[in-house]
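Okay, structure first, notes after.
The values are calculated or read from the model by the stated rules, or taken from the named source; none is laboratory data. Treat the numbers as computed from the prediction; the structure is a model and nothing was measured. Note that we place each Cβ from the backbone using ideal geometry, even for glycine, and neighbour counts take in every protein chain shown.
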């Protein structure tokens, strides 16, 4: 897991929910290669690692928001998203944005239901 790129907490418990701040495709040496596909796969790996620190997993995610710099990459994002979540389908929003931190192509945030 990489350190946050701003003044925020990466994961917060709010009652029975875990709220995970937006995750970029950051590996040990910065943004991973591979555009949206590579970055989203890494971002979801980072998301999964944060959830594990609180005893949760991707199967506990109930809502995500995906931010894309290029909406032409929507189908690529969907392929990786489905691959990473398997048959689990959380509610989701996908939003086009002008730019993301560190020049990233994609970012994902999540809400997870995990009773204490």
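Here are a few things to note about the model shown:
- Residue match in region 37-49 (condition: assigned to a loop (DSSP other than H, G, I, E, B) and touching a strand residue (DSSP E or B) at 6+ places or on another chain (Cβ under 7 Å)): no
- Wholly within region 53-116, strands (runs of 3 or more DSSP E) carrying at least 1 residues that are under 23 Å from residue 9 (Cα atoms), in contact (Cβ under 8 Å) with a residue 60 or more places away in the chain and within 12 Å of the chain's Cα centre (by Cα): 106-113
For (1) at positive phi; (2) surrounded by fewer than 15 Cβ atoms within 10 Å (Cβ to Cβ); (3) touching a helix residue (DSSP H, G or I) at 6+ places or on another chain (Cβ under 7 Å), each residue gets a yes or a no:
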position	(1), (2), (3)
8	no, yes, no
21	no, no, no
32	no, no, yes
61	no, no, no
69	no, no, no
89	no, yes, no
94	no, no, yes
100	no, no, no
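- Residues being assigned to a loop (DSSP other than H, G, I, E, B) and either modelled with pLDDT of 95 or more or in contact with a strand residue (DSSP E or B) (Cβ under 8 Å, 6 or more places away or on another chain) (or both) - total across region 6-32: 8
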